[in-house]
Amino acid sequence: MGTTEDTISVKTLSPAEQYCPNGYIEGPDFTCFYLALASEAANWQEARRSCERTPMGDLAVVETQAELSFIQSQPGLNDLAVEGDFQWSDCQDILAWQRLNFAPGEPDDTDESQNCVAINANGRFIDTQCSGVWQYVCKVVEKDYLFEDQFPTSFRVEAVSALALRATWVASEYNCDLLGYKVRYNDGIGGSGEVVVDDRIAAPC
Ligand SMILES: [Ca+2]
Ligand SMILES: [Ca+2]
């Protein structure tokens, strides 16, 4: 397969206009969380789409131990892009202290089908099937907002196999979700700022 070029739509988050959006509550250190009710329980993708209806909202990225203690449901941690390579919904890699919060024996990728993470009754992470229905927790993720994040330019996409594309553009922390593709951000050794498209998925993540 030769090199191909494509146009990809990128969702860009907009700045928050108030401290916590309607329905969100203040968490530790000026964070904002939405704790879904039991009646709102949903699978991982549905939960994520629900969180994304709030500007800058996403399934929660747990950044401190205090935040982990604060939430008791499904956050935005997953290994959907690359098996065993856990990342948060903002494309950040899991950190050592976060990994230590997996329950004993987890993650175990039971039946090679557990790619989403939930929090068990003991407040520890477990990997579980993404189709599982959980209460979830959204968070407003504040980031520095750069002009180029609004209008990422110079997309280049090439096929690297029948199943994978490689896309590159001006590096931006924001643009980890190309609609219709599952993407991981690889700042790698040397900080090349590559965005690697691992898989085509049926619906925007
Ligand atoms: Ca997995
Ligand atoms: Ca598991």
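The values are calculated or read from the model by the stated rules, or taken from the named source; none is laboratory data. What you see is a predicted model; the values in this text were computed from it and never measured. Cβ sites come from the backbone with ideal geometry, for glycine too, and all protein chains shown count toward neighbours.
Contact map, region 31-42: residues that are in the same structural domain as residue 53 (by TED's automatic domain parsing) and part of a strand (DSSP E or B) paired with residues that are modelled with pLDDT under 95 and among the aromatic types (Phe, Trp, Tyr), Cβ distance under 6 Å, separation 6+ or inter-chain. Pairs shown: 32/24; 34/24. Say whether the condition of being at pLDDT below 95 and within 16 Å of ligand 2 (Cβ to nearest atom) is met by at least one residue in region 136-155. No: region 136-155 contains no residue that is at pLDDT below 95 and within 16 Å of ligand 2 (Cβ to nearest atom).
Okay, residues lined up against (1) at pLDDT 85 or above; (2) under 18 Å from the mean Cα position of the chain (by Cα):
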residue: 19; (1), (2): no, no
residue: 40; (1), (2): yes, no
residue: 47; (1), (2): yes, yes
residue: 51; (1), (2): yes, yes
residue: 62; (1), (2): yes, yes
residue: 73; (1), (2): yes, yes
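Looking only at region 76-97, which residues are more than 16 Å from ligand 2 (Cβ to nearest atom) and either farther than 17 Å from residue 130 by Cβ or assigned to a loop (DSSP other than H, G, I, E, B) (or both)? Correct list: 76, 81, 82, 88, 89, 90, 91, 92, 93, 95, 96, 97.
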